[in-house]
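**Q** Below is the structure I would like to discuss, written out as structure tokens.
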Amino acid sequence: MAEGSQAVGHAPKVYGTHGAIRGLSNDSKTTATPSWPEYARFEGLFGKMFRELPESRFSGRLLGDLADAMTSSTGKTPPEGEPNDSENTGTEDDPGISAGYTYLAQFIDHDISFDPASSFQKKKDPDALIDYRTPRFDLDNLYGRGPADQPYLYQRDGKSFILGDALGGNDEDKGACDLPRNDERYGRRAIIGDPRNDENEILSQLHAAMLRFHNLMVKKHHDLTFDQIQQMVRWHYQWIVLHDFLPTIVNGKTLGSILPHIEKGTTIDEDRPRLTIFNPRRWGKAVFMPVEFSVGAYRFGHSMIRPSYRLNKNADRIPLRDLFGFRPLQEGRAIDWSLFFPAKRQPPNGKNGLQWAYKIDTALVHPLGEVPERVLPEEPKSLREQSLAWRDLVRGVQTSLPSGQAVAEAMGENPIPDDELMIGPATEASARNNRPLVRFSRTFARDFKNNAPLWFYILAEAQRVFKNNRTPIRLGPVGGRIVAEVIVGLMDADTDSVLHQKGFVPGFPAGKGFSMWDLLEHVRQNGSH
């Protein structure tokens, strides 16, 4: 079957330039704060979904104490004989979340959101922030501004991507490669559409796999234009976001209320999305990136990061700190994706089995308490600024986020009682020692009473379903609805997205079951360096 049952025509008209760096114009009329009519519907601005809610205010010291409580104080690397680390395996009927989805989430984030002016030194008006990524699923983090404007990303044919050096370590993938990089004089930095996709070695290789997937489409459809091939790649990617990523990270009841066709097994043509908190009434004159999503709910993935990973079957686990990027990949580290995504040919457990993401809970692993300076967007002024939990919490204050309880109530949900918002890992070994947020200290009891930071609340909400180590944990009613509605809403607003392509079905394997694993396996089987 072809890549879709819908014929591929000329690329549709788009609004703005994919990947264009906005806000850098020398024209004073455009560098000033713009009015909405000046913006095409996909020009990127941040904004708030719940404008009527009061912001939650916390001191930096208070947030620092909460970040410390949420971050492991030990750098333990799980032994090889403990393949699942008591984390997120789920059950045979209801599997947990495998490790690859942590980095697929990061890749998706870099496609739709980027604020390069971020600073921890000042408060921010969400309505004045510019999203330097188009808030649409157009893969501008992959394509940049296209071969006409950024020809150095592409081969001489003007269609295929330039790839990096060949990479060994995975005997089953002869085409594995690094990202293309500049020379030693410039630090061997990746030459790609979004430099952030070189932040760690797993994300780097996911980006490289997407470059190879595009090149395979070029090879298979050499008679099509670049725009036509780009369109097909986007639709396959968007299909994965809707039919693989969201069902993996959002609880089924919440997702089914938004995408009924997934719950019913029907098609999107039969059952359109149902949006209640992020829909045209909320957009006003333009689509925007809600800070409740980008600064709050979508940072759930930080709790899923493992302290170490096995990249392939020929190597031992590598500590997370040794996988931070912005440098060439080391030889022997080609990823075997069957260790990261559910593979039909891969045993679920054992030393060479599937690795599981850590649970969505109120705990981050030790290496995230001291993120290396080279991967931070600005030089930290203190060790505290190297704490990922602290950075997430401070972002919420800077962008005037309301409390988790206020957002829950505004969404029609009953706020979680304070005594049920727990701090600590969702594991059997830790659960008996975890404490409610308001019982952690007198200061916490006073300042966090019915006033939990939104990011923390969403993690604690997911954690509430925990019973034992095999309990699969996904985003709950508040966090899941924010994440799913914004993703679906942005895609629904884009009439060129897969949501509006009647009858489209991915080409390999043909049918509704197309997943991230299928894309990566197609690349492995058919892609040469």
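**Q** Six or more apart or on different chains, Cβ atoms under 9 Å: show the pairs whose first residue is in the range 195-217 and within 15 Å of residue 376 (Cα to Cα) and whose second is in a helix (DSSP H, G or I) and small (Gly, Ala, Ser).
**A** Final answer for the pair search is 197/204; 198/204.
**Q** Let me ask something else about it. Spot the failing condition for residue 191; the list is (1) under 29 Å from residue 487 (Cβ atoms); (2) open to solvent by less than 20 Å² (accessible area, probe 1.4 Å); (3) of a type outside the set (Gly, Ala, Ser), and only one is missed.
**A** Just one mismatch for residue 191, condition (2).
**Q** Follow-up. For residue 153, state whether it is in contact with a Cys (Cβ under 6 Å, 6 or more places away or on another chain) and hydrophobic (A, V, I, L, M, F, W, C). Even if it seems obvious, please write down each step before you answer.
**A** Values: in contact with a Cys (Cβ under 6 Å, 6 or more places away or on another chain): no; hydrophobic (A, V, I, L, M, F, W, C): yes.
The answer is no for residue 153.
**Q** Can you tell me how many residues in the range 256-279 are open to solvent by less than 30 Å² (accessible area, probe 1.4 Å), without any contact (Cβ under 8 Å) to a residue 40 or more places away in the chain and in a loop (DSSP other than H, G, I, E, B)? Can you show your working first?
**A** Initially, the range 256-279 is screened for residues open to solvent by less than 30 Å² (accessible area, probe 1.4 Å), giving 256, 258-261, 268, 271, 273, 277-279.
Okay, now just the ones that are also without any contact (Cβ under 8 Å) to a residue 40 or more places away in the chain, so 256, 260-261, 271.
Subset that is in a loop (DSSP other than H, G, I, E, B): 271.
Qualifying residue count, the range 256-279: 1.
**Q** So which residues in the range 154-188 are open to solvent by 20 Å² or more (accessible area, probe 1.4 Å) and outside any loop (DSSP other than H, G, I, E, B), if there are any at all?
**A** 166, 181, 184, 185, 186
**Q** With the condition kept exactly as written, say whether any residue in the range 291-307 is open to solvent by less than 10 Å² (accessible area, probe 1.4 Å), within 27 Å of residue 190 (Cβ to Cβ) and among the charged types (D, E, K, R).
**A** Looking for residues that are open to solvent by less than 10 Å² (accessible area, probe 1.4 Å), within 27 Å of residue 190 (Cβ to Cβ) and among the charged types (D, E, K, R), one finds at least one in the range 291-307, hence yes.
Yes/no per residue for (1) touching a residue at least 60 places away in the same chain (Cβ under 8 Å); (2) in contact with a His (Cβ under 7 Å, 6 or more places away or on another chain); (3) more than 27 Å from residue 293 (Cβ to Cβ):
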position: 331; (1), (2), (3): yes, no, yes
position: 343; (1), (2), (3): yes, no, yes
position: 369; (1), (2), (3): yes, no, no
position: 373; (1), (2), (3): no, no, yes
position: 384; (1), (2), (3): yes, no, no
position: 397; (1), (2), (3): yes, no, no
position: 405; (1), (2), (3): no, no, no
position: 408; (1), (2), (3): yes, no, no
position: 422; (1), (2), (3): yes, no, no
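**Q** Can you say whether residue 289 is under 21 Å from the mean Cα position of the chain (by Cα) and at pLDDT below 95, as far as the supplied structure shows?
**A** On the way: under 21 Å from the mean Cα position of the chain (by Cα): yes; at pLDDT below 95: yes.
For residue 289, the condition - under 21 Å from the mean Cα position of the chain (by Cα) and at pLDDT below 95 - is met.
**Q** Same structure, new question: Go over the candidates 316, 336 one by one and state the one that is acidic (Asp, Glu) and open to solvent by 20 Å² or more (accessible area, probe 1.4 Å).
**A** On the way: 336 fails: open to solvent by 20 Å² or more (accessible area, probe 1.4 Å).
Every option except 316 fails the conditions.
**Q** For the range 351-372, which residues satisfy the criterion of being under 29 Å from residue 296 (Cα atoms) and either at pLDDT below 85 or open to solvent by 30 Å² or more (accessible area, probe 1.4 Å) (or both)?
**A** 358, 366, 370
Residue-wise test of (1) at pLDDT below 95; (2) open to solvent by less than 20 Å² (accessible area, probe 1.4 Å); (3) closer than 18 Å to residue 71 by Cα.
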{"position": "344", "(1), (2), (3)": "yes, no, no"}
{"position": "349", "(1), (2), (3)": "yes, no, no"}
{"position": "374", "(1), (2), (3)": "yes, no, no"}
{"position": "399", "(1), (2), (3)": "yes, yes, no"}
{"position": "410", "(1), (2), (3)": "no, no, no"}
{"position": "415", "(1), (2), (3)": "no, no, no"}
{"position": "431", "(1), (2), (3)": "yes, no, yes"}
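**Q** Turning to a different aspect of this structure: Test residue 133 against the criterion of being basic (Lys, Arg) and at pLDDT 90 or above, and give yes or no.
**A** Details: basic (Lys, Arg): yes; at pLDDT 90 or above: no.
Criteria not met by residue 133.
**Q** Moving on. Restricted to the range 433-467, and to residues that are surrounded by fewer than 20 Cβ atoms within 10 Å (Cβ to Cβ) and among the β-branched types (Val, Ile, Thr), which residue is nearest to residue 481 (Cα to Cα)?
**A** 465
**Q** Every residue in the range 392-417 that is of a type in the set (Gly, Ala, Ser) and not in a loop (DSSP other than H, G, I, E, B), please.
**A** Within the range 392-417, the subset of a type in the set (Gly, Ala, Ser) is 396, 400, 403-404, 406, 408, 410, 412.
Those that are of a type in the set (Gly, Ala, Ser) and not in a loop (DSSP other than H, G, I, E, B): 396, 403, 404, 406, 408, 410.
**Q** Oh, and also: Taking residue 253 as meeting all but one of (1) farther than 30 Å from residue 375 by Cα; (2) open to solvent by less than 10 Å² (accessible area, probe 1.4 Å), write down the number of the exception.
**A** The number of the failed condition is (2).
**Q** Right, next: Given the criteria acidic (Asp, Glu), crowded, with 22+ Cβ neighbours inside 10 Å and within 18 Å of the chain's Cα centre (by Cα), does residue 244 qualify? Break it down into steps so the answer makes sense when it comes.
**A** Details: acidic (Asp, Glu): yes; crowded, with 22+ Cβ neighbours inside 10 Å: no; within 18 Å of the chain's Cα centre (by Cα): yes.
Criteria not met by residue 244.
**Q** Does residue 425 satisfy the criteria of being open to solvent by 10 Å² or more (accessible area, probe 1.4 Å) and in contact with a helix residue (DSSP H, G or I) (Cβ under 9 Å, 6 or more places away or on another chain)? Steps first, please.
**A** Numbers: open to solvent by 10 Å² or more (accessible area, probe 1.4 Å): yes; in contact with a helix residue (DSSP H, G or I) (Cβ under 9 Å, 6 or more places away or on another chain): yes.
Answer is yes for this residue.
**Q** Restricting attention to the range 476-514, report how many residues are under 30 Å from residue 456 (Cα atoms) and either free of Cβ contacts under 8 Å to residues at least 40 places away in the same chain or outside any helix (DSSP H, G or I) (or both).
**A** Summing the residues that are under 30 Å from residue 456 (Cα atoms) and either free of Cβ contacts under 8 Å to residues at least 40 places away in the same chain or outside any helix (DSSP H, G or I) (or both) in the range 476-514 gives 1.
**Q** Looking for something touching an Asp or Glu at 6+ places or on another chain (Cβ under 7 Å) and modelled with pLDDT under 90 - is there at least one such residue anywhere in the range 67-83? Step through it out loud before you land on a result.
**A** Filtering the range 67-83 for residues touching an Asp or Glu at 6+ places or on another chain (Cβ under 7 Å) gives 78, 80.
If we keep only those that are modelled with pLDDT under 90 too, we end up with 78, 80.
Within the range 67-83, one or more residues are touching an Asp or Glu at 6+ places or on another chain (Cβ under 7 Å) and modelled with pLDDT under 90.
**Q** Can you name the residue in the range 280-309 that is aromatic (Phe, Trp, Tyr) and outside any helix (DSSP H, G or I) and, of all such residues, is farthest from residue 72 (Cα to Cα)?
**A** Here is the first cut: in the range 280-309, the residues aromatic (Phe, Trp, Tyr) are 283, 288, 293, 298, 300, 309.
Going one step further and asking which of them are outside any helix (DSSP H, G or I), we end up with 288, 309.
Details: 288: 35, 309: 17 Å.
Going through the qualifying residues, I end up with 288.
The values are calculated or read from the model by the stated rules, or taken from the named source; none is laboratory data. Keep in mind that this is a model prediction, so the values were computed, not measured. Don't worry about glycine lacking a Cβ; one is built from the backbone with ideal geometry, like all the others, and counts go over all protein chains shown. Accessible surface is based on the protein model in full, side chains and every heavy atom, while ligands, DNA and RNA are left aside. Shrake-Rupley method; radii C 1.70, N 1.55, O 1.52, S 1.80 Å.
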